[in-house]
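A short write-up of the structure that comes next.
The values are calculated or read from the model by the stated rules, or taken from the named source; none is laboratory data. Quantities reported herein were computed from a predicted structural model and do not represent experimental measurements. Don't worry about glycine lacking a Cβ; one is built from the backbone with ideal geometry, like all the others, and counts go over all protein chains shown.
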Amino acid sequence: MPTVKETFDAMSGRFRADKAAGTSAVIQYDVSGDGGGTWHAVIKDGTCTVKAGSAPSPNLTLQIAAPDWLDMLSGKQSGQMLFMSGKLKVKGDMGLAMKLGSMFQM
């Protein structure tokens, strides 16, 4: 199973530009717990760039524990279920959050 850092390192390679047409956004990921950290993704002009650290003014911030993040990416948990159970917290553009899953290949 990949580490949280490895999932972010691979994120831009899993980006689906065709699903993100017209999207210009900054998404911050705050992953808590063992192996966690903060990363942000910039989606602009059909590209996705992922960097470690906080973004100055993200359109969307996701807060999640490291094990839940890995379970979501592996398909063991859905983002929707994690959100409903309070394990995934979303701040900002909820429409963007709903679209996010389709923008990346799992």
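Scanning the stretch 17-43 for residues that are charged (D, E, K, R) and surrounded by fewer than 13 Cβ atoms within 10 Å (Cβ to Cβ) yields a total of 2. With respect to the stated conditions, residue 68 is assigned to a helix (DSSP H, G or I) and either surrounded by 13 or more Cβ atoms within 10 Å (Cβ to Cβ) or among the basic types (Lys, Arg) (or both). Each residue in the stretch 59-71 was checked for being free of Cβ contacts under 8 Å to residues at least 40 places away in the same chain and either within 10 Å of the chain's Cα centre (by Cα) or more than 20 Å from residue 15 (Cβ to Cβ) (or both), and 8 pass. Close Cβ contacts (under 9 Å, 6 or more residues apart or on different chains) running from residues in the stretch 72-96 that are in contact (Cβ under 8 Å) with a residue 40 or more places away in the chain to residues that are small (Gly, Ala, Ser) and not in a loop (DSSP other than H, G, I, E, B) comprise 93/25; 96/25. Scan the stretch 82-90 and give yes if some residue there is buried (at least 17 other Cβ atoms within 10 Å of the Cβ), under 17 Å from residue 12 (Cα atoms), at pLDDT 95 or above and under 13 Å from the mean Cα position of the chain (by Cα), otherwise no. Within the stretch 82-90 (the criterion being buried (at least 17 other Cβ atoms within 10 Å of the Cβ), under 17 Å from residue 12 (Cα atoms), at pLDDT 95 or above and under 13 Å from the mean Cα position of the chain (by Cα)), the answer is no, since none of the residues qualifies.
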